[in-house]
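Reviewing the structure listed below.
The values are calculated or read from the model by the stated rules, or taken from the named source; none is laboratory data. Please read these numbers as outputs of a predicted model, since none were measured by experiment. Here the Cβ positions follow ideal geometry from the backbone for every residue, glycine too, while neighbour counts run over all protein chains shown.
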Amino acid sequence: MFSLKRFCTNATRVGCLNFSSAVEKPKTAVLMLNMGGPQSIDQVHDYLLRIMTDRDMIQLPVQSKLGPWIAQRRTPDVQKKYTQIGGGSPILKWTKLQGGLMCKELDKMSPETAPHKHYVGFRYVNPLTENTLQEIERDGPERVVLFSQYPQYSCATSGSSFNSIFHHYRENTFPKNIKWSVIDRWATHPLLIKTFADRIREELSKFVETKRDNVVILFTAHSLPLKAVNRGDSYPSEIGATVHLVMQELGKTNPYSLAWQSKVGPLPWLAPATDDAIKGYVRQGLKNFILVPIAFVNEHIETLHELDIEYCDELAKEVGVEEMRRAAAPNDHPLFIKALSSIVADHLKSKEPINSKFLMRCPMCVNSRCRDSKRWYRQVCTL
Ligand code: FES
């Protein structure tokens, strides 16, 4: 059930591959944006500190004091979790592998914009987005595609990354000789949907035939404070859209539901929590599950620790689950690599440097960073 082996095997394998230096002088740079994860235990504190002081991600009273205090307090616990999954997050290794494979495909699919080179821009840990932007400028491509690696858009995740790029160029000279464009969301892309469906089929086939049709497919996504939901953040509806299409792709073969994981702090967040949903279904007599992380495109602490160790192993034993498996994240699934390259290739061919939805703020947004950032993107993005 618990798949530490899956992490170790894959992490070792991807560690051997390095596509990042394949192209010195790209025509097109693809900057893959994500939150990132500490690669070693000693990076945990700074990683938490950056999260806790990011007002797009989380809003705390007297954040400049409370944020560092919470980061300090949580560090030992979070370090323990990273130790249990092998000493660090595999997110950088996966992103580099995905980027290298994506650009290889892109060179074939879109020779007119080749050579393509991927770059990684993390929000909270190296390689930090602001440093990668400098690296891109040194390489001097004709165009840069800012590609969010969160399929479903939230102002707390993708929005925070885009706001940080705006912030960086408010303080540094913007390279006007480069064309910039944005891929902000791709929750319903057909190849993403097929990838998730295939990951679920892989796990369903491991259940004995007599149980298979009754296995509960429990989709799970990172939760969000209700305050953000009530501002009009599009994340919950985009997660719902992905879930709906994945079940359609599977032919609605099994009972399914959606729950929310990884809540922190005492304020109300989207519910039910994934562990509560498991307990609730067990009480209703359902005993077999597949957990499907529907908002993560690669393994990281929330899949490898929270889902694999805390739920598939510990909670499953505690509440009397018969069998609980976890669908792998998209990682290097060939359909997922095709999804990434198709999304970028279609974007490069399109006449839309930026999605009109991205330029809209949440209806109840009062954040001046969002206002200024969206104005700026409207001005600087061209194809
Ligand atoms: Fe969503 Fe500002 S909080 S656009």
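Couple of notes before you dig in:
- The test for being surrounded by 18 or more Cβ atoms within 10 Å (Cβ to Cβ) and in a helix (DSSP H, G or I) does not hold for Val321.
- For segment 209-262, the set of residues classified as part of a loop (DSSP other than H, G, I, E, B) and either at positive phi or aromatic (Phe, Trp, Tyr) (or both) consists of Gly232, Gly251, Lys252, Ser262, listed by residue number.
- Exclusive hit being surrounded by fewer than 20 Cβ atoms within 10 Å (Cβ to Cβ), farther than 27 Å from Val366 by Cα and not hydrophobic (A, V, I, L, M, F, W, C), set Thr28, Thr113, Thr83: Thr83
- Annotation note: of Glu105, Glu24, Glu135, the sole residue that is of a type outside the set (Gly, Ala, Ser) and free of Cβ contacts under 8 Å to residues at least 60 places away in the same chain is Glu135.
- Tallying residues that are β-branched (Val, Ile, Thr), farther than 26 Å from Leu31 by Cα and modelled with pLDDT of 95 or more within segment 56-98 yields 4.
- Residue that is farthest from Leu226 (Cα to Cα), among those in segment 54-76 that are within 16 Å of the ligand (Cβ to nearest atom) and in contact (Cβ under 8 Å) with a residue 24 or more places away in the chain: Asp54
- Count - residues of segment 116-150 that are part of a loop (DSSP other than H, G, I, E, B) and buried (at least 17 other Cβ atoms within 10 Å of the Cβ): 7
- Of all the residues in segment 154-197, those that are part of a helix (DSSP H, G or I) and within 16 Å of the ligand (Cβ to nearest atom) number 10.
- Top-ranked residue in segment 334-383 [being under 11 Å from Ile183 (Cβ atoms) and within 14 Å of the ligand (Cβ to nearest atom); ranked as surrounded by the most Cβ atoms within 10 Å (Cβ to Cβ)]: Phe358
- For segment 225-254, filtered to residues that are of a type in the set (D, E, K, R) and farther than 19 Å from Leu291 by Cα, the residue that is surrounded by the fewest Cβ atoms within 10 Å (Cβ to Cβ) is Lys227.
- Residue within segment 372-380 that is farther than 24 Å from Lys104 by Cα and not in a helix (DSSP H, G or I) present: no
- Residue in segment 270-282 that is more than 16 Å from the ligand (Cβ to nearest atom), in a loop (DSSP other than H, G, I, E, B) and buried (at least 18 other Cβ atoms within 10 Å of the Cβ) present: no
- Where a residue in segment 222-240 is near the ligand (Cβ under 8 Å from one of its atoms) and its partner, wherever it lies, is of a type in the set (A, V, I, L, M), with Cβ under 7 Å and at least six apart: Ala228/Ala156; Arg231/Met364; Gly232/Met364; Asp233/Leu224
- Being away from the ligand (no atom under 16 Å from the Cβ), at pLDDT 95 or above and touching a Cys at 6+ places or on another chain (Cβ under 8 Å) is a property that holds for Arg325.
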